[in-house]
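What follows is a short report on a single structure.
The values are calculated or read from the model by the stated rules, or taken from the named source; none is laboratory data. All values reported here derive from a predicted model rather than from experimental measurement. When we count neighbours, we look across all protein chains shown, and the Cβ atoms used for this are built from the backbone with ideal geometry, even at glycine. Heavy atoms of the whole protein, side chains included, go into the accessibility calculation; ligands, DNA and RNA do not. Shrake-Rupley method; radii C 1.70, N 1.55, O 1.52, S 1.80 Å.
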Amino acid sequence: MTETYVSPHSTCTTKCRTVVCFFAGVLTYRDNFEDAAYEIAQRYQNAKIVMIFPYGAAKSTSSSSLMRLLARQLPQASYDLVRGRSRRVINAAQIIREHASAADQLILIGHSAGGVIAYRTGLCLEEKYGFQHIQVFAVGSPKFYLKDIPYNERFTYLIGQQPDRVTQIGSWQKPGSRVYRGRPGREVQLDFNPDHQGWRFHASYFLKSVWTDSNQVFHANSENLISKIHELCPLRDSPTGI
């Protein structure tokens, strides 16, 4: 079941010019995006920040509970990887319509399987409800077949410098297909905390996770990520409607 809430870091609650939506993948706790939401609030004025958990949020820390949750979520995520407009995409689109009716800037940011949902939800909003100029960012997400359409120009795929098994899943283009020949408009690699390895690296993109580089410069994963998103998608100066 899809879960959602408005982040307390939001700098606007009604008639907000900017709406930023985070999409979670599987095994994601409710507070996973709050460090990144803080960074959003520093860069975007009058922004409502909406958290969307298409597969539900993790609540227990016991290994048995997490394994049961994963057993339920993985088949749903696998389905969404190949299905263009699932029930979770439709639910997410309805949630965003409720929050972004007055916005002129809509940014969708998805992690892992949430990146797939973010992409498909943005496309649904444009095709079915007339939203325009949506920017979509998929972070540490699996690849999935893309049609060669103008929408992809506003789709950015972000990965880290370390190996991430999830980003090695799937492909953008379907061999032999004349339809699925697209690619993201931008594919960007960023540096994240190198002390994290394997699944810890995959889970830490949106966390504060402070580290120093070879020049002894301090970094934080959430700051690096949101700084890049803001660089690629700055605050719009004047309302034009979405």
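Listed conditions (1) out of contact with any strand residue (DSSP E or B) (no Cβ under 7 Å at 6 or more places or on another chain); (2) closer than 19 Å to Trp199 by Cβ; (3) not in a loop (DSSP other than H, G, I, E, B) are all met by Leu66, apart from (1). Can we say Ser78 is within 13 Å of the chain's Cα centre (by Cα), at pLDDT 95 or above and of a type in the set (S, T, N, Q)? For Ser78, the condition - within 13 Å of the chain's Cα centre (by Cα), at pLDDT 95 or above and of a type in the set (S, T, N, Q) - is not met.
Taking the conditions exactly as written (open to solvent by less than 70 Å² (accessible area, probe 1.4 Å) and either basic (Lys, Arg) or more than 21 Å from the chain's Cα centre (by Cα) (or both)), does Arg154 satisfy them or not? When the stated conditions are applied, Arg154 passes them. In region 57-64, is there at least one residue being at pLDDT 95 or above and in contact with a helix residue (DSSP H, G or I) (Cβ under 9 Å, 6 or more places away or on another chain)? The answer is yes, given that some residue of region 57-64 is at pLDDT 95 or above and in contact with a helix residue (DSSP H, G or I) (Cβ under 9 Å, 6 or more places away or on another chain). Scanning region 150-161 turns up one or more residues that are outside any strand (DSSP E or B), among the basic types (Lys, Arg) and in contact (Cβ under 8 Å) with a residue 12 or more places away in the chain. All conditions in (1) under 22 Å from Gln135 (Cβ atoms); (2) surrounded by fewer than 24 Cβ atoms within 10 Å (Cβ to Cβ) hold for Gly25, with the sole exception of (2). Tell me, please, whether a residue that is in contact with a helix residue (DSSP H, G or I) (Cβ under 8 Å, 6 or more places away or on another chain), among the small types (Gly, Ala, Ser) and open to solvent by 20 Å² or more (accessible area, probe 1.4 Å) can be found in region 157-170. Checked region 157-170: at least one residue is in contact with a helix residue (DSSP H, G or I) (Cβ under 8 Å, 6 or more places away or on another chain), among the small types (Gly, Ala, Ser) and open to solvent by 20 Å² or more (accessible area, probe 1.4 Å).
In the condition set (1) part of a strand (DSSP E or B); (2) free of Cβ contacts under 8 Å to residues at least 60 places away in the same chain; (3) under 25 Å from Ile134 (Cβ atoms), Trp172 is compliant with all but (1).
When we screen Ala77, Ala36, Ala57 for residues that are within 15 Å of Gly115 (Cβ to Cβ), out of contact with any Leu (no Cβ under 8 Å at 6 or more places or on another chain) and open to solvent by less than 60 Å² (accessible area, probe 1.4 Å), the only hit is Ala77. Name every residue in region 167-178 that is farther than 15 Å from Tyr119 by Cβ and within 19 Å of the chain's Cα centre (by Cα), in order of residue number. Hit for region 167-178 is Gln168, nothing else. None of Leu146, Leu125 is touching a helix residue (DSSP H, G or I) at 6+ places or on another chain (Cβ under 7 Å), part of a loop (DSSP other than H, G, I, E, B) and buried (at least 17 other Cβ atoms within 10 Å of the Cβ) except Leu146.
Evaluating Asp104 against the criteria (1) closer than 23 Å to Tyr180 by Cβ; (2) acidic (Asp, Glu); (3) in contact with a strand residue (DSSP E or B) (Cβ under 9 Å, 6 or more places away or on another chain) leaves one unmet condition, (1).
Out of Ser101, Ser65, one residue alone is farther than 24 Å from Arg154 by Cα, open to solvent by 10 Å² or more (accessible area, probe 1.4 Å) and small (Gly, Ala, Ser). It is Ser65.
Working only within region 85-122, note down all residues that are in a helix (DSSP H, G or I) and either aliphatic (A, V, I, L, M) or over 18 Å from Thr2 (Cα atoms) (or both). Correct list: Val89, Ile90, Ala92, Ala93, Ile95, Ile96, Ala113, Val116, Ile117, Ala118. For Ile109, the criteria (1) open to solvent by less than 50 Å² (accessible area, probe 1.4 Å); (2) out of contact with any strand residue (DSSP E or B) (no Cβ under 8 Å at 6 or more places or on another chain); (3) on the phi < 0 side of the Ramachandran plot hold in every case but one, which is (2). Glu153 fulfils the conditions (1) under 16 Å from Gly122 (Cα atoms); (2) modelled with pLDDT under 95 except for a single criterion, (2).
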